[in-house]
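Have a look at the structure below, then the notes.
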Amino acid sequence: MSEREKGFTLLELMITLVILGIILGLGVPSYNSITESSRLRAATHSLNSAIQLARSEALARRETAAACRSNLALTACDFDPDWSRGWMVVTQQGTDLETPADVTVIRIWEGIDLVTSGAASGFVFDRLGRGQVTGALRIQNDTDHRCLSTNATGRTTVQEIDPGDSCP
């Protein structure tokens, strides 16, 4: 008697590959959706952290502070509604948040590959932590939309919104 060779037959291997293909075909779109949703949550959290840091710095240093879009040189604010290039927290010693000599950069966040728009004049807080400029920032990808906003007291809120809705 001879021993049978151990291993898979070609038919068994093909059936296994077909089943694996079906499972991957069902799972990959769900995984992509979860990944995109996670990226959106992370960007929203980073922006919210920047706004809270700006308010905290305004209170601690007793001077105007802002969370704003970064200029190209990463030295001052650039007031524009597209925040996807990156943002920063600065304190203001002079008269203009867009002039590098008038601000001290506290922290810089690099750009993100998401649509981020609104709050063209940034989130600016006075030395008492009150919002000098109230605004809203819309962060979105293909499926999810969020709105990050501040009020006059400096309170920040984050909420999910429908694609057709505007930030409150």
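The values are calculated or read from the model by the stated rules, or taken from the named source; none is laboratory data. This is a predicted model, so every value here is computed, not measured. Counting neighbours? That spans all protein chains shown, and the Cβs are built from the backbone with ideal geometry, glycine included.
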Go through region 146-168 and count every residue that is buried (at least 16 other Cβ atoms within 10 Å of the Cβ) and either in contact with a Gly (Cβ under 9 Å, 6 or more places away or on another chain) or farther than 20 Å from SER37 by Cα (or both).
7
Options SER38, SER46; residue that is touching a residue at least 24 places away in the same chain (Cβ under 8 Å), part of a helix (DSSP H, G or I) and either hydroxyl-bearing (Ser, Thr, Tyr) or over 23 Å from ASN151 (Cα atoms) (or both)
SER46
Test of understanding: among THR75, THR143, THR95, which residue is surrounded by fewer than 16 Cβ atoms within 10 Å (Cβ to Cβ), assigned to a loop (DSSP other than H, G, I, E, B) and touching a Pro at 6+ places or on another chain (Cβ under 9 Å)?
THR143
So in region 78-92, with the set limited to residues that are under 17 Å from the mean Cα position of the chain (by Cα) and part of a loop (DSSP other than H, G, I, E, B), which one is nearest to ALA54 (Cα to Cα)?
TRP83
Restricting to region 57-72, and then to whatever is under 19 Å from SER149 (Cα atoms) and under 18 Å from the mean Cα position of the chain (by Cα), can you tell me which residue is surrounded by the most Cβ atoms within 10 Å (Cβ to Cβ)?
ALA67
Residue that is surrounded by the fewest Cβ atoms within 10 Å (Cβ to Cβ) [pool: residues in region 112-140 that are in a loop (DSSP other than H, G, I, E, B) and either among the aromatic types (Phe, Trp, Tyr) or within 15 Å of the chain's Cα centre (by Cα) (or both)]
ASP113
Looking at ALA101, ALA66, ALA43 in this structure, which one is at pLDDT 90 or above and either farther than 21 Å from VAL133 by Cα or of a type in the set (Val, Ile, Thr) (or both)?
ALA101
